[in-house]
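Comments concern the structure below.
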Amino acid sequence: MSAVARTGLAPAPMPQPQTPAPAAPIPAPATVAGPVTQIRVVRAEWTKLRALRSTRWCALAAAVLIVGLGALIAGSGTPYRVSPGNTAASGVSVILIGVVFAQLVIGVVGVLAFSGEYGTGMIRATLAVVPARLPVLWAKVIVLVGLVLPVTMLCAFADFLAAAAIESSRGGSVISLTDPGVLRTVYGSSLYLTVVVIIGLALGALFRKTAAGLSVFAAVFFVIPVSVAALPQNIRGFAPYLPSNAGGALWGSPLGSAHALSPWTGFACLCGYAVVLTALAAWQLRRRDA
Amino acid sequence: MIEIDGLTKRYGDKTAVDGLSFVVEPGVVTGFLGPNGAGKSTTMRMIAGLDRPDSGTVRVNGKHYPKTPAPMAELGILLDARSVHPGLSARSNLLALARTAGISRRRVDEVIELAGLAEVAGTRAGGFSLGMGQRLGVAAALLGRPQTVVLDEPVNGLDPDGVLWIRLLLKSLAAEGRTVLVSSHLMSEMAQTATQLVVLGRGKLITESSVEDFVGQATGTGVLVRTPEPVRLGQLLAAPGVTVVNDGTDRMRVAGITAEQIGTAAWRAHLPVFELTPTHASLEEAFMQVTKDSVEYHAGATR
């Protein structure tokens with residue numbers, strides 16, 4: 001019964017006893033809920049993302065894949081030597097190979113941010129308190145960028161520093177961040193993964209089911225780029241515009257297509273996909289029943 | 001206050017809610033009744049703006065809910081299906097909702113305490129029993145101290161202590177002048193909690209009345225009379241609005257007038273009366289009578 005005694009919620013401030021209190025119905029204690037703002041929804045989404053175990057595991061896995069694989073490659077095989085055919089930047093792209101694997105983990109984080117809520121039913125609670133709906137999508141974009149950008153940036157630079165040191169200690173060329181294209185390759189890999197998480201998020205919002213969202217993500221980022229390479233030359237002109245190839249141009253992805261776009265054109269193309277998919281997700285989020 | 005006007009919702013070619021109109025007034029507990037598939041949950045989802053009506057309008061406290069600046073001040077809702085993240089603790093689930101409206105951690109702890117979840121607040125909600133999940137859902141609905149509270153089957157899975165908690169909670173919310181709409185299939189529980197009723201069948205409004213009137217109109221409410229002169233007494237009592245049923249024995253069932261009126265009439269006509277027993281239909285009986293034509297899923301008789 002103790003729970004019952006507390007149903008009265010908090011007492012309202014008492015008026016000064018100049019007029020006798022009216023014996024009218026108990027006044028409802030004032031609400032404690034303020035207006036929904038974009039900042040508040042961002043805080044709410046951050047609360048969820050931070051508390052989920054999957055977030056921590058995925059961040060850890062991405063770090064291990066990027067730094068671990070880079071160090072492994074730097075420590076094995078013939079040390080990389082810069083020559084007219086082998087630029088310093090392409091050497092860095094090779095030690096960033098972990099990004100190719102990390103993008104799957106990052107894609108999972110993105111897809112789950114929405115599909116996880118649809119799968120568990122939490123989306124109904126989320127959208128009931130933010131009935132305008134779109135602030136939820138923007139907030140998820142913001143918190144995912146806020147998580148993925150710093151984490152992958154740190155990983156990319158850690159990987160570069162560790163792998164470059166290992167290479168040079170084994171007799172390879174000394175590669176520095178000031179060599180042409182090296183800095184762009186390192187931070188570009190992080191920018192690439194940041195856009196990838198947004199694409200994952202949009203797919204999760206559009207498909208609502210984790211399995212469907214992830215399958216499409218894996219098809220677009222792994223299966224199609226690899227299959228396309230097997231197509232005859234004359235019908236694979238679209239290959240450089242596939243998201244992973246277009247974005248890969250920024251960091252010189254070793255899996256990139258033969259005739260890659262220029263780094264920033266490719267990255268702009270990747271961003272274009274993200275914008276279109278996010279816009280579709282926004283439209284569907286507004287339109288469909290939760 | 002909830003005002004629903006001409007609300008219609010179709011899923012494919014099935015009409016879940018069909019031209020529904022009713023008003024839920026503040027200050028009382030309103031029961032929302034109907035057989036399975038009558039459209040109660042769909043209506044509740046439309047109140048919260050989760051499902052878009054095909055036509056018609058819903059107003060919560062006079063406003064179009066999806067456009068209100070402070071939704072958690074207007075409406076708190078518990079939906080039938082689970083709507084918590086199993087990977088998050090009870091506290092994180094509530095905190096994530098609270099953050100959207102700038103509600104303090106202290107208030108979150110307050111509703112955790114209120115819902116009797118203090119001991120499990122830090123554990124992942126995925127391991128919760130049905131009853132615990134319900135308590136968490138009710139806690140979420142109360143977070144913002146909303147003006148209107150909508151609860152779909154709140155006592156589902158609750159232990160007796162929890163059922164009593166919900167009953168008193170709903171009454172105290174109504175006493176504070178809030179609007180309370182609650183659905184349940186437990187008629188005995190509804191009879192103890194609600195004073196107003198909205199009854200649905202196959203997506204349409206069957207009736208909107210007080211519990212008292214609803215039960216009063218049901219057959220089974222009336223007076224059981226035992227007399228050796230059933231035919232003569234029946235003729236004596238005949239009047240518009242009065243029904244007399246006699247099965248050929250000395251017993252008859254009279255509805256539409258009081259035991260006092262029957263006794264007085266019999267005494268004036270010098271007719272002996274051996275028994276005069278006012279009877280009341282239960283809410284359950286009244287509900288069954290009213291909805292028997294609109295039950296979507298009949299249980300097959302066991303043969």
Could you list, in sequence order, all residues of the range B:165-183 that are within 16 Å of the chain's Cα centre (by Cα) and either surrounded by fewer than 20 Cβ atoms within 10 Å (Cβ to Cβ) or in a helix (DSSP H, G or I) (or both)?
-> B:166, B:167, B:168, B:169, B:170, B:171, B:173, B:174
For residues that are buried (at least 23 other Cβ atoms within 10 Å of the Cβ) and without any contact (Cβ under 8 Å) to a residue 60 or more places away in the chain, scanning just the range B:131-140, find the one that is farthest from the other protein chains (Cβ to nearest Cβ).
-> B:134
Single residue of the range B:79-129 satisfying the filter (acidic (Asp, Glu) and more than 9 Å from chain A (Cβ to nearest Cβ)) that is surrounded by the most Cβ atoms within 10 Å (Cβ to Cβ) = B:80
Could you figure out which of (1) modelled with pLDDT of 85 or more; (2) in contact with a Ser or Thr (Cβ under 9 Å, 6 or more places away or on another chain) isn't true of residue B:265?
-> (2)
Given the range A:32-134, what helices (runs of 4 or more DSSP H) lie entirely inside it while holding 1 or more residues that are away from every other protein chain (no Cβ under 14 Å), in contact (Cβ under 8 Å) with a residue 40 or more places away in the chain and surrounded by 20 or more Cβ atoms within 10 Å (Cβ to Cβ)?
-> A:53-63, A:69-74, A:88-95, A:98-120
With the condition kept exactly as written, say whether any residue in the range B:121-130 is closer than 13 Å to residue B:80 by Cα and either among the charged types (D, E, K, R) or without any contact (Cβ under 8 Å) to a residue 60 or more places away in the chain (or both).
-> yes
If we ask which residues in the range B:52-74 are surrounded by 18 or more Cβ atoms within 10 Å (Cβ to Cβ) and in contact with a Phe, Trp or Tyr (Cβ under 9 Å, 6 or more places away or on another chain), their number turns out to be 3
Tell me, which strands (runs of 3 or more DSSP E) lie completely within the range B:10-123 with 3 or more residues that are of a type in the set (D, E, K, R) and at pLDDT 95 or above?
-> none
Give the number of residues within the range A:233-258 that are buried (at least 19 other Cβ atoms within 10 Å of the Cβ) and not in a loop (DSSP other than H, G, I, E, B).
-> 11
Looking only at the range B:141-165, which residues are farther than 11 Å from residue B:75 by Cα and at the interface with another protein chain (Cβ under 10 Å from one of its Cβ atoms)?
-> B:161, B:162, B:164, B:165
Only one of these conditions is not met by residue A:261: (1) buried (at least 21 other Cβ atoms within 10 Å of the Cβ); (2) at pLDDT below 95; (3) part of a helix (DSSP H, G or I); (4) not polar (S, T, N, Q). Which number is it?
-> (3)
Any hit, the range B:36-43, residues being of a type in the set (Val, Ile, Thr), within 12 Å of residue B:152 (Cβ to Cβ) and more than 7 Å from chain A (Cβ to nearest Cβ) = yes
By residue number, the members of the range B:240-290 that are assigned to a loop (DSSP other than H, G, I, E, B), more than 34 Å from the chain's Cα centre (by Cα) and either assigned by TED's automatic domain parsing to the domain that holds residue B:199 or surrounded by fewer than 14 Cβ atoms within 10 Å (Cβ to Cβ) (or both) are B:247, B:248, B:249, B:269, B:270, B:272, B:274
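The values are calculated or read from the model by the stated rules, or taken from the named source; none is laboratory data. Here the structure is a predicted model, which is why all the values come from computation and not from measurement. Counting neighbours? That spans all protein chains shown, and the Cβs are built from the backbone with ideal geometry, glycine included.
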